[in-house]
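This report refers to the structure that appears directly beneath it.
The values are calculated or read from the model by the stated rules, or taken from the named source; none is laboratory data. Model, not experiment: these values are computed from the prediction. FYI the Cβ positions are ideal-geometry reconstructions off the backbone, even for glycines, and counts take in every protein chain you see.
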Amino acid sequence: MSLLQSIIMGLVQGLTEFLPVSSSGHLVLANNLLGMQPDTGILFEVMLHLGTLVSIIIVYNKDIYKMVIEFFVMSRDILKGKGALLKSNPYRVMLVMVLMATIPTGLIGVLFNDLFEQAFSSTQVVSVMLLVTGTLLYIANKLENGVKGPARIRVSDAIVIGLFQGFAITPGISRSGSTIFAGLMRGFSRELATRFSFIMSIPAILGAAVMEFSNYSGAAITSGQLAVMLAGMAVAAVAGTIAIKFLIGLLNKGRLHYFSYYCWIVGLTGLIAGLIIR
C-alpha cells in the first residue's frame, strides 16, 4: 500500500464514518456493481477505526473527560453503598445511558451477525436501506427541536437509541443518521441527539476494532509500512473531526435533508444498476 492510498483510505474512512450516508452501504455497492475489492489489511482497518475514535475525543473532549471522572466517582459511591445517584450529575447520567445503549447494540450484533453478513452480498438490500436512511434523515430534519437535556435521559431512551444503532449494522443504514433520528424522536434537543449519537459510538468503534484485531495474524510489518498506516490513521482523525463539525452545523441549521437527497439518489441508482447488470 502506497502513502497516497493510505491517505485516500483515511480520508474516506473519516468522512463516511460520521456523515449519515452509510459507509458500509457504499462499500457494498462498489464491490458488487464495480467489482472493486479493496484489501487494506486488518491491522490498517483497526488503525483507521482508532483514527475516527480520536475524532470523537477531539470534538467532545470536555464531555468525555467529565464522564471519565464521573465513572471513578460513581464507582467510589457504589463501593460506599451510596448507589449510582444518577440525578446528581448530568455527565453521570450520560455515562450510564451510553453504557445502557451499548447493551441492545451488542446483543443485536451477536444474535443477528450472520443475517447482517448476508446483506453485504445483496445490492438490492443495500439500495433499499439507503432509501430508508434518506427517509429517516428527511423526517429527522422536520422534527421540532426537543427539550431534553443530559440529566433527563431515561433508560427507555437509551435502549431505543441503542436498538437503532444495532440495526445500523445493516449496510445502507447510517449509524449516525439513525441514532440522531432516534434521539430526536425521543425528545432530545438537536445538540444532545448529536452529542449522544457520537459519544455512544465510542464503545461500538472500540468493539469493532477489537473484533477485527482478533483476526490479525500478527504478520511482521516494516517501519516504513507502519509510517504509511499511521499517516492514514492521522488523516482519518482529521477528516473525521471535520465531518462531525460539518454535520453538527448542518443539523443546527435544519439542513439534514441534503443527505436525504443524496441517499435517495444513490439508493435508486443502485436498484436500477442492479437490475441492468442482472
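Here is a check on your reading of the model: is VAL210 more than 28 Å from TYR138 (Cα to Cα), within 18 Å of the chain's Cα centre (by Cα) and buried (at least 16 other Cβ atoms within 10 Å of the Cβ)? No, not satisfied.
Residue pairs whose Cβ atoms lie under 9 Å apart, separated by 6 or more positions or on different chains, with the first residue in the range 88-111 and over 14 Å from ILE202 (Cβ atoms) and the second in a helix (DSSP H, G or I) and among the polar types (S, T, N, Q), are PRO104/GLN165; ILE108/GLN165. Scanning the range 247-268 for residues that are out of contact with any helix residue (DSSP H, G or I) (no Cβ under 8 Å at 6 or more places or on another chain) and in a helix (DSSP H, G or I) returns GLY249, ILE265. Residues that are within 10 Å of ASN145 (Cα to Cα) and outside any helix (DSSP H, G or I) within the range 169-197 comprise GLY187, PHE188, SER189, listed in sequence order.
Being on the phi > 0 side of the Ramachandran plot and touching a residue at least 40 places away in the same chain (Cβ under 8 Å) is a description that does not apply to GLY177. Answer yes if at least one residue in the range 27-35 is modelled with pLDDT under 80, surrounded by 22 or more Cβ atoms within 10 Å (Cβ to Cβ) and within 30 Å of LEU275 (Cβ to Cβ), and no otherwise. Scanning the range 27-35 turns up at least one residue that is modelled with pLDDT under 80, surrounded by 22 or more Cβ atoms within 10 Å (Cβ to Cβ) and within 30 Å of LEU275 (Cβ to Cβ). How many residues does the range 137-163 contain that are assigned to a helix (DSSP H, G or I) and either polar (S, T, N, Q) or buried (at least 24 other Cβ atoms within 10 Å of the Cβ) (or both)? Matching residues across the range 137-163 total 7.
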